[in-house]
Amino acid sequence: MTAASLDFTGLAAQAAQLAGGEVTSAELTAAALGRAHASQPTLNAFRCLRDDDALAEAANADRRLQAGDRAPLLGVPIAIKDDVDLTGLPTSFGCPGEFPPATSDAPVVALLREAGAVIIGKTNTPELGQWPFTEGPAFGVTRNPWHPGHTPGGSSGGSAAAVASGVIAAALGSDGAGSVRIPAAWTGLVGVKTQRGRIPTGGELFHGLTVLGPLARTVGDAALLLDAAAGTPGLF
């Protein structure tokens with residue numbers, strides 16, 4: 001099996017293949033980054049990609065796997081929305097302008113790292129997550145992979161486009177008034193608006209109005225990402 005054939009392999013399946021030695025994290029991550037870059041001119045799902053850092057993290061995941069280490073998402077590439085702090089990258093909430101790089105990870109990112117996930121980049125969101133479509137002066141227009149003339153919805157449209165197109169198996173979004181549920185519906189995905197406190201939000205912009213939630217192609221994969229992002233006891 002080659003990494004190129006894994007475009008639509010699910011989150012749980014990729015984790016199992018990694019644990020079974022059928023594929024390496026380096027292969028999966030390089031393939032995901034390649035698909036992300038190739039899709040940018042058409043879909044424009046990402047605000048930024050972490051080529052060097054993600055590949056370094058994938059190499060470390062492979063070393064851990066070879067040593068017999070196991071974690072729920074060890075070595076699996078995913079993405080997060082650009083309203084969540086990730087060390088070394090700006091958190092711009094879809095806005096234009098210059099923003100300083102985050103100096104620490106958001107609590108949910110720390111939990112995803114603990115679960116072993118490799119975060120390949122941050123996905124597009126309209127300014128301050130306000131709209132049910134994903135476009136803005138900071139990054140242009142994000143397109144629906146099922147119909148590039150249409151929007152994937154919003155405000156987690158970048159995450160939805162990345163998952164629905166097969167760039168990655170699952171991604172994190174956020175939802176206050178439909179921002180996970182709308183893009184899930186418009187791109188044929190499973191999206192979950194969680195209850196407050198289920199996934200830690202850290203410095204969440206709207207003081208409890210929005211929550212974090214998964215976008216995936218199956219119920220099982222959405223549940224797996226939700227459990228990892230929430231630090232569910234017994235998963236680790």
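The values are calculated or read from the model by the stated rules, or taken from the named source; none is laboratory data. Just so it is clear, the model here is predicted, and its values are computed rather than measured. With ideal geometry, Cβ positions are generated from the backbone for all residues, glycine too; neighbour counts draw on all protein chains shown. The accessibility values were calculated without ligands, DNA or RNA, using every heavy atom of the protein model including side chains. Shrake-Rupley method; radii C 1.70, N 1.55, O 1.52, S 1.80 Å.
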- Query: At 222 nm, what helix-only mean residue ellipticity would the chain give, in deg cm²/dmol to the nearest 500, using -39500 (n - 2.57) for each DSSP H run of four or more?
  - Reply: -9500 deg cm²/dmol
- In sequence order, calculated HN-Hα J values of the stretch 77-86 (Karplus, 6.51, -1.76, 1.60; Hz; x Gly/Pro): x, 9, 9, 10, 6, 7, 10, 10, 6, 9
- Considering amide H positions built from the backbone, and no H for Pro or chain starts, which residues 5 or more places from residue 121, or on another chain, come under 5 Å of its amide H? 50, 80
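Please compute the length gained on full extension between residue 19 and residue 195, using 0.36 nm multiplied by the number of residues separating them and subtracting their Cα-Cα distance. Numbers along the way, then the final one.
Working: separation 176, 0.36 × 176 = 63.36 nm, distance 3.13 nm.
Gain on stretching residue 19 to residue 195: 60.2 nm.
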- Message: Leaving out ligands, DNA and RNA, and with a 1.4 Å probe, what % of the accessible surface on the chain is carbon or sulfur?
- Response: 57 percent
- Which whole-number value in Å² is the accessible area per residue of the stretch 11-230, probe 1.4 Å? 38 Å²
- Message: Per q in 0.12, 0.16, 0.19, 0.22 Å⁻¹, report the Debye log10 I(q)/I(0) for the stretch 52-151, using one uniform scatterer on each alpha carbon and no solvent.
- Response: -0.49, -0.78, -0.96, -1.10
- Note down the accessible area of residue 27, probe 1.4 Å, to the nearest 10 Å². 80 Å²
- Query: Taking N as the number of residues in the chain, what is its Cα Rg relative to 2.2 N^0.38 Å?
  - Reply: 0.90
- When only C-alpha pairs under 8 Å and at least 6 residues apart count, what is the relative contact order of the stretch 11-230, in percent? 20 percent
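Taking the stretch 161-198, which trypsin sites (Lys or Arg not before Pro) meet the DSSP loop condition and have no more than 15 other C-beta atoms within 10 Å?
Details: sites: 181, 193, 196, 198; in loops: 193, 196, 198.
When the trypsin sites (Lys or Arg not before Pro) of the stretch 161-198 are filtered for loop state and at most 15 Cβ neighbours within 10 Å, 196 remain.
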- Applied in sequence order to the stretch 171-183, the curve 6.51 cos²θ - 1.76 cosθ + 1.60 (Karplus, θ = phi - 60°) yields integer Hz couplings, x standing for Gly and Pro, of 8, 8, x, 9, 8, x, 9, x, 6, 9, 5, 5, x
- Cα-projected label distance for residue 103 with residue 69, points at 7 Å along beta-carbon direction, nm: 2.7 nm
